[in-house]
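Below is one structure, written out as structure tokens; the observations come after it.
The values are calculated or read from the model by the stated rules, or taken from the named source; none is laboratory data. For clarity, every value in this text was computed on a predicted model and none was experimentally measured. Here the Cβ positions follow ideal geometry from the backbone for every residue, glycine too, while neighbour counts run over all protein chains shown.
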Amino acid sequence: RHKAEMLVTIAGPEANSNETQADDAAAADVSVAITINTQPANTAVAVDAALTLTLAAIATPPADASVLTYQWQKLSDANRWANISGETATTFAVAEYAATDAGSYRVKINSTNGATEVISATAVVTTAE
């Protein structure tokens, strides 16, 4: 969560007559939100060619020092999403695509400051003829 300060004007009488009504600070919690700017896209890839899926996301408010974390997943034959080991960047790449790489992919995105987890759209990768 992000701490923000704002100026609040109080319309009622002051408890301390030495203070003005507009000089007290108030703090409010502002939730961090994750926004995906670029979703991973469906693609057809030839065998032995390079496969690259990309994603772009930001945390708001932007002044927040929140770091986004990523975890790419592939839909398994058992119809469950499985984390792809070591794939924790905004880009998922396979240097030499094999037909077994075909399938559905997505990214789970989290924030170090407690934003609600966001999951990307599903990108379907097929083998080009």
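Quick check on the range 90-97. Is at least one of its residues at pLDDT 95 or above and on the phi > 0 side of the Ramachandran plot?
no
Of everything in the range 45-62 that's part of a strand (DSSP E or B) and within 17 Å of residue 104 (Cα to Cα), which residue is farthest from the chain's Cα centre (by Cα)? Don't jump to the end; show me each part of the working.
Pass one, the range 45-62, residues part of a strand (DSSP E or B): 45, 51-54, 56-60.
Next, from what is left, pick out any that are within 17 Å of residue 104 (Cα to Cα): 45, 51-54.
Working: 45: 26, 51: 22, 52: 19, 53: 15, 54: 13 Å.
Going through the qualifying residues, I end up with 45.
Can you tell me which residue within the range 111-129, out of those that are part of a loop (DSSP other than H, G, I, E, B) and β-branched (Val, Ile, Thr), is modelled with the lowest pLDDT? Quick ask: steps written out before the conclusion?
Our first condition is that a residue be part of a loop (DSSP other than H, G, I, E, B); within the range 111-129, this holds for 112-117, 120-122, 128-129.
Those still in the list that are β-branched (Val, Ile, Thr) too: 112, 116, 122.
Details: 112: 85, 116: 90, 122: 98.
The selected residue is 112.
Return the residue satisfying two criteria in turn: it lies in the range 53-87 and is of a type in the set (S, T, N, Q), under 26 Å from residue 112 (Cα atoms) and exposed (fewer than 14 other Cβ atoms within 10 Å of the Cβ), and of such residues it is modelled with the lowest pLDDT.
Out of the qualifying residues, it is 69.
Hey, any hits in the range 29-39 for a residue that's more than 25 Å from residue 128 (Cα to Cα), surrounded by 13 or more Cβ atoms within 10 Å (Cβ to Cβ), modelled with pLDDT of 95 or more and among the β-branched types (Val, Ile, Thr)?
yes
Can you say whether residue 108 is at pLDDT 90 or above, out of contact with any helix residue (DSSP H, G or I) (no Cβ under 6 Å at 6 or more places or on another chain), farther than 14 Å from residue 125 by Cα and surrounded by 15 or more Cβ atoms within 10 Å (Cβ to Cβ), as far as the supplied structure shows?
Numbers: at pLDDT 90 or above: yes; out of contact with any helix residue (DSSP H, G or I) (no Cβ under 6 Å at 6 or more places or on another chain): yes; farther than 14 Å from residue 125 by Cα: yes; surrounded by 15 or more Cβ atoms within 10 Å (Cβ to Cβ): yes.
Spelling it out, residue 108 is indeed at pLDDT 90 or above, out of contact with any helix residue (DSSP H, G or I) (no Cβ under 6 Å at 6 or more places or on another chain), farther than 14 Å from residue 125 by Cα and surrounded by 15 or more Cβ atoms within 10 Å (Cβ to Cβ).
Per-residue answers, yes or no, for (1) among the small types (Gly, Ala, Ser); (2) in contact with a His (Cβ under 7 Å, 6 or more places away or on another chain); (3) not in a strand (DSSP E or B):
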residue: 66; (1), (2), (3): yes, no, yes
residue: 71; (1), (2), (3): no, no, no
residue: 77; (1), (2), (3): no, no, yes
residue: 82; (1), (2), (3): yes, no, no
residue: 86; (1), (2), (3): yes, no, yes
residue: 92; (1), (2), (3): no, no, no
residue: 97; (1), (2), (3): no, no, yes
residue: 100; (1), (2), (3): no, no, yes
residue: 107; (1), (2), (3): no, no, no
